[in-house]
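The values are calculated or read from the model by the stated rules, or taken from the named source; none is laboratory data. Keep in mind it's a predicted model, so treat the numbers as computed, not measured. Please note: Cβ atoms are built from the backbone with ideal geometry, for glycine as well, and neighbour counts cover all protein chains shown.
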Amino acid sequence: MFDRSGTPLGARVRIVAWFLAGLVFGGFAPEASAQDPFDSEMTFENVCAGNSAASCYIRAVGTISKDTPQAFQKYLDEDHSDGNKVLLHSPGGSLLAGLKLGELIRARGLETRVGVWKLDGNFGEVSTGGVCASACAYVFLGGTVRQVPEGNRLGFHQFYLSAPRAGEVSAAKLETALMQAQELSSVIVRYLLEMDIDARIFVLGSEARSDDMFYPDREQLLAFSLVTPRGFGEFFLEPYKDGLVAAAKRKGETRLYDVAKQLTAYCRDSMPYLLITADNVVPDSYVPDTMLFFATESGTIKASVGDKRIRRAGNQAYEILLSREAVELLGKSLKFRFSLFLAMADGGEIRGELELSDMDRRILEASYRFCIS
């Protein structure tokens, strides 16, 4: 640990720990405003984009202190919150408090998202410009589902001990600092593993220069499990009876108010169908209002599914009889989205969105041409 003269090596002792930092433009954090208490102690409030509980968030803004986990626990216990998502906008703060807050979020089964809440009358929406830096990033990683919308970036930032002259750091202090660094590294890695985050990102972050930032791209965010995969995978074909069926499976886990896990297309008795499978038992006492959205090059076309064209198929699925027009739209759509509106007590909305490639459209066409009966 020392050179031949006995001088501690380096004017800076790098603590092998890293923090995630989110920013939109240059600089570590955005400038605080009167409407955005970014640099004040973190506060919590319930905000919603509409009347549905699925549109609500727990807005968490400000610096994390040692008292923040207790304050959040009190908020959850005493203040009514309709949302199951925590919207984070914070420059960081206490690392240990951040870890505790992340553990609390995971224990409560809450989701996390980075963003700024833009108020519009009684409601609002998630906007760009959100930051979740330093200790806040560990809070973010506690989410059961984690999203960083476009316009917000995550970066890795290394912390270190700094001294202008090597002689300022005594051997004893250097030894203590390195021991603390090892302990802190161990705590962070254990936390990552407990949260099902790929711990290789710790190594990648620690390799960044202390005065630099590493910004993973979208592919890396997914590869290291920093964010949760969204949407459905590509369609694939499978033989069934005398024909073919096309299916697309959900990429990530289902979650509260979002329980669709598979979309299946097939033809039966010369009629085209879509089977939407949920992760929970669907009600048999009513037929949900259902909307289909076809995004084509000329615009998005919205279609309502009549009650006579949808039926419960088993305990966990609905079968939709498509019109010929709907099949034609699928054949030229760039994106397809569906929404089945259940009561909140029955699991909330069954929804999904798929980006359709040329191969997807060909597979769908084949499933409607080669009928299973």
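Picking from Leu321, Leu334, Leu356, which residue would you name as being within 25 Å of Asp279 (Cβ to Cβ) and within 29 Å of the chain's Cα centre (by Cα)?
Matching residue, one of Leu321, Leu334, Leu356: Leu356.
Restricting to segment 77-130, name every residue that is closer than 22 Å to Asn51 by Cα and of a type in the set (Asp, Glu).
Correct list: Glu78, Asp79, Asp82, Glu111, Asp120, Glu125.
Scan Leu87, Leu104, Leu99 and give me the residue that is assigned to a strand (DSSP E or B) and at pLDDT 85 or above.
Just one listed residue meets the conditions, Leu87.
Just for segment 116-143: of the residues that are closer than 20 Å to Pro69 by Cα, assigned to a loop (DSSP other than H, G, I, E, B) and touching a strand residue (DSSP E or B) at 6+ places or on another chain (Cβ under 6 Å), which one is modelled with the highest pLDDT?
Gly143
So which residues in segment 312-346 are buried (at least 17 other Cβ atoms within 10 Å of the Cβ), touching a residue at least 60 places away in the same chain (Cβ under 8 Å) and part of a loop (DSSP other than H, G, I, E, B)?
Leu342
Exactly one condition in (1) of a type outside the set (S, T, N, Q); (2) modelled with pLDDT of 90 or more; (3) within 14 Å of the chain's Cα centre (by Cα) is not met by Lys74; state its number.
Evaluating Lys74 over (1) of a type outside the set (S, T, N, Q); (2) modelled with pLDDT of 90 or more; (3) within 14 Å of the chain's Cα centre (by Cα) leaves (3) as the failure.
What are the residue pairs meeting all of these: first residue in segment 264-280, first residue under 15 Å from Lys241 (Cα atoms), second residue basic (Lys, Arg), Cβ atoms under 9 Å, and 6 or more apart or on different chains?
The qualifying pairs are Cys267/Arg369.
Residues of segment 299-336 being of a type in the set (S, T, N, Q) and under 16 Å from Glu355 (Cα atoms), which ones?
Answer for segment 299-336, where residues must be of a type in the set (S, T, N, Q) and under 16 Å from Glu355 (Cα atoms): Thr300, Ser333.
Could you pull out every one of the strands (runs of 3 or more DSSP E) wholly within segment 187-298 that has 1 or more residues that are closer than 19 Å to Ala135 by Cα and assigned by TED's automatic domain parsing to the domain that holds Asn152?
none
Given the criterion touching a strand residue (DSSP E or B) at 6+ places or on another chain (Cβ under 6 Å) and exposed (fewer than 13 other Cβ atoms within 10 Å of the Cβ), identify the matching residue among Ser270, Ser285, Ser373.
Only one candidate qualifies: Ser373.
Every residue, every condition in (1) on the phi > 0 side of the Ramachandran plot; (2) modelled with pLDDT of 75 or more, yes or no:
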site	(1), (2)
Gln180	no, no
Leu184	no, yes
Asp196	yes, yes
Ala199	no, yes
Glu219	no, yes
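Tally up the residues in segment 347-373 that are under 17 Å from Arg255 (Cα atoms) and not in a loop (DSSP other than H, G, I, E, B), please.
Final tally of qualifying residues: 5.
Going by the structure shown, is Ala265 touching a helix residue (DSSP H, G or I) at 6+ places or on another chain (Cβ under 7 Å), modelled with pLDDT of 95 or more, surrounded by 15 or more Cβ atoms within 10 Å (Cβ to Cβ) and not aromatic (Phe, Trp, Tyr)?
yes
Does Gly92 satisfy the condition of being among the small types (Gly, Ala, Ser) and closer than 27 Å to Glu253 by Cα?
No.
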